Amino acid sequence: MKTLIKRLAALCLGAGLVSSCYDLKSDLYDTIYPDRFPKTAEDAKALVASAYWPLRWEGLVNGLTRAIMTMDLCTDVGMTNDRQGGWVSWEECTWTATGGGGLSNSPIGQYGPNISHLSAMELNLGRIDSVEMDGDLKERYLAEIKCSQAWLAYILYDWFGPIPIADAELLLDPMEEVFIRRLTDEEMVAYIETKAREAAGALPYRYPNDADKGRYTRGMANMVLLKLYMKERMWAEAEAMGRELMKPEYGYGLMPSYRDVFTLENEGNEEIIYALNCTQDYGQMLTNYLLPYNYPTENDKINKLNAFRSPWEFYHSFEAGDERRQLLIGEYVGTDGVLYNEMNQGSYLSGAVPHKYGEDPQCIGYGSQVDYIVFRYADALLLLAEAIANNNGAPTAEAITMVNRVRERAGLAHKDLADYSTLEKFNDLILDERGFELWWESHRRTDLIRHGKFIERAALRNHAVARQPYRILFPIPEQYIVEGQGSIRQNEGY
């Protein structure tokens, strides 16, 4: 797409750089002069930090209105309590290529900007490679950028299908009149796989101190690969990658208590494969959006926006004694002294409150310091069980054992393989367990699509538009179709 390439010149040469990966204050440079910047390892560090930025505070993960963390709204585990706002369009899947909640404040509006971010990262790989610095450090810096590219490309592929990606040669001559086509599915998978594998090969299993908290690890890169292989139903590759993540070198495991995975006190616990490093300046806002206005918290300075819920149908679908449901609030006494529940909802409990993250005692207004978890071990364990069964063509004792490890932590009895002897029954079990385990962690949409249930579950929620099969992808914003002059085809149905 021609104008995208031209805009890349401004973005990539005048990029918003971050002075440090973990000092998240952005320093804006009007122009990068290649003869002067980057020249030092510190300059290279700033370019690496800029690769983290789109996936963090100004972008796809913690940006809320345009973020991954709102994806559960369009599934059977999420809904909005704000029936007058733009969230309704996401719950009911009524998004369009020109509106549907407003392009700038929706995931659809992130199509063009994040293709540009991918290109900026590609140029920065070449810039860092030209810097004279310690070889091992350079290799790690390059791997961190590649991990960002793989993760960002995977998200865009999951949302939109294949996207146009410019190579470094084209980006170095951005004023040339070039229309970039969308990659094929095969090319898209190869791009993500190559970037993630190259990243994993140079990233450490873990970092030695807290100063490196939030950096990508080998486990993070390999988790992106696992997600990609599962999306593509590449069962053999998915099984191999799942087994890789189980190796002791990674140090992952299940926390004894489900609740403790998501608390400030247990940040960096063994279950976390990757989490956003949240601070007072750059905190995760999911908790603010989930809590009712009158929900009692020990810290009364937390702003509560009364926006998101889980449907009562989902709340009631848990088995008796499932400890995971304890973090779904179905009843509380409000700050007004009134008991609210399903029978007395007021304007607060159209569904249960998904209060998964612990409270931040230092929060004033918006933004919790409790790290937002992107990937964790229980997710990988259940994906591996699914991959083993599907790669084998039938459930196995090993696969059901992995499911039972997650269930046992939740306080539930083991499932017997004899009761799930067919692949269909086992896959249904996996989908259910993933819902109970991972609600409001932004995996549900992808899980439902992979299992062929996204449209079916939308129909059960009486969302008429969402019953259309093409709704498993988002539309490409109209402006890019127009400017592509035929080189970019809209997703089917839009």
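The values are calculated or read from the model by the stated rules, or taken from the named source; none is laboratory data. All figures in this text were calculated on a predicted structure; none of them were measured in a lab. Note: ideal-geometry Cβ built from the backbone for every residue, glycine included; neighbour counts use all protein chains shown. The protein model used for the area step is the full one, side chains on, heavy atoms only, and it has no ligands, DNA or RNA in it. Shrake-Rupley method; radii C 1.70, N 1.55, O 1.52, S 1.80 Å.
Checking SER116 against (1) part of a helix (DSSP H, G or I); (2) at pLDDT below 95; (3) under 30 Å from PHE314 (Cα atoms), only one condition comes out false. Which one?
The number of the failed condition is (3).
Give the residues of the stretch 223-239 that are open to solvent by 10 Å² or more (accessible area, probe 1.4 Å) and of a type outside the set (A, V, I, L, M, F, W, C), sorted by residue number. Show your work before the answer.
The first filter runs over the stretch 223-239 and keeps only residues open to solvent by 10 Å² or more (accessible area, probe 1.4 Å), leaving 227, 231-237, 239.
Across the stretch 223-239, the qualifying residues are LYS227, LYS231, GLU232, ARG233, GLU237, GLU239.
Kindly provide the set of residues from the stretch 307-326 that are open to solvent by 10 Å² or more (accessible area, probe 1.4 Å) and either more than 23 Å from ARG434 (Cα to Cα) or under 21 Å from the mean Cα position of the chain (by Cα) (or both), ordered by number.
Answer for the stretch 307-326, where residues must be open to solvent by 10 Å² or more (accessible area, probe 1.4 Å) and either more than 23 Å from ARG434 (Cα to Cα) or under 21 Å from the mean Cα position of the chain (by Cα) (or both): there is none.
Does the stretch 263-277 contain any residue that is of a type in the set (S, T, N, Q), within 30 Å of GLY85 (Cβ to Cβ) and assigned to a helix (DSSP H, G or I)?
Initially, the stretch 263-277 is screened for residues of a type in the set (S, T, N, Q), giving 263, 266, 269, 277.
Cutting the leftovers down to within 30 Å of GLY85 (Cβ to Cβ) gives us 263, 277.
With assigned to a helix (DSSP H, G or I) added as a condition, the list becomes none.
Looking through the stretch 263-277, none of the residues is of a type in the set (S, T, N, Q), within 30 Å of GLY85 (Cβ to Cβ) and assigned to a helix (DSSP H, G or I).
Would you check which residues across the stretch 278-313 are touching a residue at least 60 places away in the same chain (Cβ under 8 Å), more than 14 Å from LEU349 (Cα to Cα) and either of a type in the set (Asp, Glu) or not in a loop (DSSP other than H, G, I, E, B) (or both) and list them?
ASP281, GLN284, LEU286, THR287, ASN288, GLU298, ILE302
Inspect the stretch 379-386 for any residue being touching a Lys or Arg at 6+ places or on another chain (Cβ under 6 Å) and under 16 Å from LEU291 (Cα atoms) and give the result as yes or no.
Going residue by residue through the stretch 379-386, those that are touching a Lys or Arg at 6+ places or on another chain (Cβ under 6 Å) are 382.
If we keep only those that are under 16 Å from LEU291 (Cα atoms) too, we end up with none.
No: zero hits.
For ALA143, state whether it is crowded, with 18+ Cβ neighbours inside 10 Å, under 19 Å from the mean Cα position of the chain (by Cα) and closer than 30 Å to TYR250 by Cα.
Details: crowded, with 18+ Cβ neighbours inside 10 Å: yes; under 19 Å from the mean Cα position of the chain (by Cα): no; closer than 30 Å to TYR250 by Cα: yes.
No.
Pairs under 7 Å by beta carbon, first residue under 15 Å from ILE115 (Cβ atoms) in the stretch 177-205, partner modelled with pLDDT under 95 and polar (S, T, N, Q), six or more apart or different chains?
PHE179/GLN485; PHE179/SER487; ILE180/SER487; ARG181/SER487
Tell me, please, whether a residue that is at pLDDT 95 or above and out of contact with any strand residue (DSSP E or B) (no Cβ under 8 Å at 6 or more places or on another chain) can be found in the stretch 169-181.
No, the stretch 169-181 contains no residue that is at pLDDT 95 or above and out of contact with any strand residue (DSSP E or B) (no Cβ under 8 Å at 6 or more places or on another chain).
So if I check each of GLY109, GLY100, which one is at pLDDT below 85, open to solvent by less than 30 Å² (accessible area, probe 1.4 Å) and in a helix (DSSP H, G or I)? Let's see the steps before the verdict.
On the way: GLY100 fails: in a helix (DSSP H, G or I).
Among GLY109, GLY100, only GLY109 is at pLDDT below 85, open to solvent by less than 30 Å² (accessible area, probe 1.4 Å) and in a helix (DSSP H, G or I).
Taking LEU24, is it of a type in the set (A, V, I, L, M, F, W, C), surrounded by 15 or more Cβ atoms within 10 Å (Cβ to Cβ) and at pLDDT below 90?
Judged against the criteria, LEU24 is a match.
So ARG233 passes all but one of these: (1) closer than 17 Å to PHE375 by Cβ; (2) not in a helix (DSSP H, G or I). Which condition number does it fail?
So ARG233 meets the others, but not (1).
Select from the stretch 160-216 the residues that are small (Gly, Ala, Ser) and surrounded by 13 or more Cβ atoms within 10 Å (Cβ to Cβ) and list them in ascending order. Reasoning before the result, please.
Quick first cut of the stretch 160-216, residues small (Gly, Ala, Ser) only: 161, 166, 168, 190, 196, 199-202, 211, 214.
GLY161, ALA166, ALA196, ALA199, ALA200, ALA202, GLY214, listed by residue number.
So which pairs qualify, if the first residue must be in the stretch 233-255 and more than 17 Å from MET402 (Cα to Cα), the second must be of a type in the set (Val, Ile, Thr) and in a loop (DSSP other than H, G, I, E, B), the Cβ gap must be under 9 Å, and the two must be at least 6 apart or on different chains?
Filtered contacts from the stretch 233-255: TYR250/THR217.
Might you let me know whether the stretch 363-377 holds any residue that is open to solvent by 50 Å² or more (accessible area, probe 1.4 Å), of a type in the set (Ser, Thr, Tyr) and more than 16 Å from LEU286 (Cα to Cα)? Talk me through it step by step, then tell me what you get.
Start the filter on the stretch 363-377 by keeping residues that are open to solvent by 50 Å² or more (accessible area, probe 1.4 Å), which leaves 364, 366.
Adding the requirement that they be of a type in the set (Ser, Thr, Tyr) leaves 366.
Going one step further and asking which of them are more than 16 Å from LEU286 (Cα to Cα), we end up with none.
There is no residue in the stretch 363-377 that is open to solvent by 50 Å² or more (accessible area, probe 1.4 Å), of a type in the set (Ser, Thr, Tyr) and more than 16 Å from LEU286 (Cα to Cα).
Of GLN280, GLN326, which residue is farther than 17 Å from VAL77 by Cβ and out of contact with any helix residue (DSSP H, G or I) (no Cβ under 6 Å at 6 or more places or on another chain)? Give the steps one after another, and end with the answer.
Details: GLN326 fails: farther than 17 Å from VAL77 by Cβ.
Selected residue: GLN280, the only one of GLN280, GLN326 that is farther than 17 Å from VAL77 by Cβ and out of contact with any helix residue (DSSP H, G or I) (no Cβ under 6 Å at 6 or more places or on another chain).
Which condition number does TYR357 fail, the rest of (1) among the hydroxyl-bearing types (Ser, Thr, Tyr); (2) surrounded by 21 or more Cβ atoms within 10 Å (Cβ to Cβ); (3) in a helix (DSSP H, G or I) being met?
(3)
Taking HIS355 as the residue in question, decide whether it is out of contact with any Gly (no Cβ under 8 Å at 6 or more places or on another chain) and closer than 30 Å to GLU237 by Cα. Spell out the reasoning first.
Details: out of contact with any Gly (no Cβ under 8 Å at 6 or more places or on another chain): yes; closer than 30 Å to GLU237 by Cα: no.
Here the answer is no, as HIS355 does not meet what is asked.
Just to be sure, is LEU290 open to solvent by less than 60 Å² (accessible area, probe 1.4 Å) and in contact with a helix residue (DSSP H, G or I) (Cβ under 8 Å, 6 or more places away or on another chain)? Before the answer, list the steps.
Working: open to solvent by less than 60 Å² (accessible area, probe 1.4 Å): yes; in contact with a helix residue (DSSP H, G or I) (Cβ under 8 Å, 6 or more places away or on another chain): no.
No, not satisfied.
Which residues, counting only those in the stretch 247-267, are surrounded by 14 or more Cβ atoms within 10 Å (Cβ to Cβ) and acidic (Asp, Glu)?
The one that is surrounded by 14 or more Cβ atoms within 10 Å (Cβ to Cβ) and acidic (Asp, Glu): GLU267.
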